[in-house]
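See below for the structure under consideration.
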């Protein structure tokens, strides 16, 4: 579409009162500064005045009459359908986003991480990860008692060079009558 | 008209943007509800456990030590205070199913009676266990021992005299 054609369309829209905002201001400046545009606007207004006087249509808005003749209901329906489609698409996208957000949040709550599941720890890992281990809360005995806390450690290598992790442990040693407490040096 | 079409396109875009903003706001408002729903208290822990009781006999053998069959891999025996002995023999092994608050008894090879009670199951889980070792009609040996232990970790009660050595009782909760 050429600039001249576009300008003509703009002036026609301006004459019909269809413009507003920046478009209105731009075309208003155009018809004030451009002689051809100004002449075209005057011609359009003269034609409109002539038509109104000839048919004595008074204040009837010709645009509305023409639009109704064309099939106003079809245009409105098409516009409504397009709007409805856009709304359905936006609401659908929002629901999908919402479902994804809830899904990720629930996974976060359940797993403590998002998007990546930690491998199931082995028993030895669980044991060493537990800083507290076994706790002796209370001992009641008439005999002498000693409590030995054995920290987690790694055992020496076996014949194949494999080592194993020793879980932390507790020994409650209760002397039996006059039994002496064992030597604790290895 | 082209300008009208452009203007309508702009309106449609603004409407689309407004809908997107509305949807985002809705998601932000509903997320705390999802948090609230997922923050419901966890189901109660089962108030039961299985305790594996292993009774060992530890002695010091000048001719050389050994660890008897059935004991399995128990590297704690190489550490103090168990390292004071070099020979270990499995006397008995028993699994007891514990219900919270219900004492279970087990007769040890030396005639004393071991009583084990599951006092509580805490989050983790961690088990609160009470144990007592006594002999009816005789002096008390262990009136009460209370420990809190995670599963699969063994704790020991040791020191009872028996056949020239001592009895070592290992407790492992499952």
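For the reader, a short list of remarks on this structure follows.
- Taking (1) within 26 Å of residue B:137 (Cβ to Cβ); (2) not in a strand (DSSP E or B) in turn, residue B:105 satisfies each apart from (2).
- Taken over the range A:7-23, the criterion of being on the phi < 0 side of the Ramachandran plot and out of contact with any helix residue (DSSP H, G or I) (no Cβ under 7 Å at 6 or more places or on another chain) is satisfied by A:20, A:22.
Residue by residue, here is whether (1) within 11 Å of another protein chain (Cβ to nearest Cβ); (2) without any contact (Cβ under 8 Å) to a residue 12 or more places away in the chain holds:
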position	(1), (2)
B:72	no, yes
B:83	yes, yes
B:101	no, no
B:105	no, yes
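- Selection count, the range A:17-29, where residues are assigned to a helix (DSSP H, G or I), within 14 Å of chain B (Cβ to nearest Cβ) and more than 16 Å from residue A:45 (Cα to Cα): 6
- Residue count, the range B:139-155 (criterion: in contact (Cβ under 8 Å) with a residue 12 or more places away in the chain and within 16 Å of residue B:112 (Cβ to Cβ)): 4
- Any hit, the range B:113-128, residues being over 24 Å from residue B:45 (Cβ atoms), more than 9 Å from chain A (Cβ to nearest Cβ) and in contact with a strand residue (DSSP E or B) (Cβ under 6 Å, 6 or more places away or on another chain): yes
- Residue B:120 vs. criteria closer than 17 Å to residue A:137 by Cα and surrounded by fewer than 18 Cβ atoms within 10 Å (Cβ to Cβ): yes
- Matching residues in the range A:144-159 - criterion: being more than 7 Å from every other protein chain (Cβ to nearest Cβ) and either at pLDDT 70 or above or surrounded by 12 or more Cβ atoms within 10 Å (Cβ to Cβ) (or both): A:144, A:145, A:146, A:147, A:149, A:151, A:152, A:153, A:154
The values are calculated or read from the model by the stated rules, or taken from the named source; none is laboratory data. In this text, all values refer to a predicted model and were calculated from it rather than measured experimentally. Neighbour counts run over all protein chains shown; Cβ positions are idealised from the backbone, glycine included.
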